[in-house]
Amino acid sequence: MSSLSAANEEQNVVTIKNLNFRYDTGAPLNINGLDCVIPANSKVILVGANGAGKSTLLRILTGVIYLGLESDEFDIAGTATPHDQAMGVAYLGGVWKRRRTGFEGIEPYSMDIAARDMMKKWQDENLERRDELVRVLGINLDWRMHECSDGQRKKVRIMLKLLRPFKLCVIDEFAADLDIFSRARFFEYLSKECELRGAAVVYATHIFDQADKWATHVAFMQLDKKLSPVHKLHDYAPYQEILARTGKDRAYCPMYVLVLEELERQYRAHSHLFDADNQCLTDVIMAEQACEKAADRHFSESGKGYESGRVARAMAIESMDEHRRKRREEEKAREILAAKA
Ligand SMILES: Nc1ncnc2c1ncn2[C@@H]1O[C@H](COP(=O)(O)OP(=O)(O)OP(=O)(O)O)[C@@H](O)[C@H]1O
């Protein structure tokens with residue numbers, strides 16, 4: 001390891017101690033006593049049920065949320081006041097609007113302008129990085145933004161956001177529109193960037209196709225609004241145990257299994273936290289069950305078994321038969337009448 005990489009390894013990119021935050025005064029905390037330490041050269045998958053607070057944490061890390069934060073320590077890439085696109089912080093996430101106004105403004109990424117002319121000054125100042133991102137993501141700089149597909153537009157946005165070297169890159173489900181080939185190349189690029197400059201990436205996602213190959217750490221935003229430790233996958237026992245499963249228990253996507261089992265564990269431990277406004281994990285579990293039913297249905301409709309809805313379907317077919325029979329009788333009666341006339 002070079003001395004530069006060795007020095008990079010020793011620094012933490014993020015150090016937060018006992019952070020509390022709530023969106024609305026008097027409402028329950030949305031972030032509760034959060035501790036978060038992210039070492040240099042780490043690629044962290046941030047997971048949690050819908051509504052657990054992942055996006056909220058990512059907005060805090062990137063300075064999008066900056067009011068109402070209370071903490072004992074707050075250091076993001078060497079500053080207590082991070083900003084997206086400043087001092088080494090890059091945020092690949094949706095625009096956050098706390099309260100919507102009637103006028104949403106013009107969406108710059110949908111304007112009739114060539115990709116090469118978007119934020120032209122920044123592109124000119126970072127030509128080498130720009131060209132590498134163009135190659136990695138498969139961008140054509142002549143694309144006109146108003147004619148781009150969602151995936152193409154996302155690629156251009158990623159290119160522009162990463163023009164400047166980052167120390168902390170925060171991704172909030174932003175890579176989901178990229179095709180799997182582009183996504184694989186993009187994650188390789190992020191790995192190289194982390195290694196080169198002791199940077200870190202925090203990636204919140206519900207999709208784990210790259211996670212086992214790419215991630216070095218995992219953190220759970222839990223149902224009690226607390227963040228788990230940022231676990232190093234290499235020595236995180238539950239993950240290693242899943243990797244070691246063989247035969248019929250073998251996990252083909254270990255990160256997916258880890259997250260599912262952890263969410264189930266949290267659900268069992270914290271089911272009392274669920275109320276009418278926060279049915280997040282139930283959604284996850286129900287979505288999973290819905291998938292299984294769909295697969296079962298396919299199986300059973302080939303005539304091999306029972307599945308819910310089959311009785312209703314059979315009754316519907318019967319009643320349609322009845323309807324057809326009556327219609328045929330009526331037609332026959334009309335023909336007889338016509339013949340007699
Ligand atoms: N602008 C806002 N004003 C008030 N409450 C908010 C706001 N944004 C989010 N919340 C609340 O904060 C909690 C955490 O939301 P957040 O978007 O951080 O969850 P998440 O873990 O990113 O969920 P998902 O997986 O669905 O994206 C939720 O209960 C949500 O209703």
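The values are calculated or read from the model by the stated rules, or taken from the named source; none is laboratory data. Keep in mind the model is a prediction, meaning the values are calculated, not measured. Here the Cβ is made from the backbone with ideal geometry for all residues, glycine too, and neighbour counts use every protein chain on show.
Could you list, in sequence order, all residues of region 202-216 that are in contact with a Ser or Thr (Cβ under 8 Å, 6 or more places away or on another chain) and under 23 Å from residue 30 (Cα atoms)?
204, the sole residue that qualifies.
List, please: which pairs have Cβ atoms under 8 Å, are six or more places apart or on different chains, and start with a residue in region 37-61 that is at positive phi and end with one that is assigned to a loop (DSSP other than H, G, I, E, B) and of a type in the set (Val, Ile, Thr)?
Once the first residue is at positive phi and sits in region 37-61, its partners that are assigned to a loop (DSSP other than H, G, I, E, B) and of a type in the set (Val, Ile, Thr) give 41/216.
Can you name every residue in region 41-56 that is out of contact with any strand residue (DSSP E or B) (no Cβ under 7 Å at 6 or more places or on another chain) and within 6 Å of the ligand (Cβ to nearest atom)?
Scanning region 41-56 gives a single hit, 50.
Would you mind telling me which numbered condition in (1) outside the structural domain of residue 71 (by TED's automatic domain parsing); (2) modelled with pLDDT of 85 or more residue 256 fails?
All conditions are met except number (1).
Within region 214-237, is there a residue that is over 29 Å from residue 158 (Cα atoms), surrounded by fewer than 19 Cβ atoms within 10 Å (Cβ to Cβ), acidic (Asp, Glu) and in the same structural domain as residue 84 (by TED's automatic domain parsing)?
yes
For region 137-186, which residues satisfy the criterion of being among the acidic types (Asp, Glu) and either assigned to a strand (DSSP E or B) or within 16 Å of the ligand (Cβ to nearest atom) (or both)?
172, 173, 177
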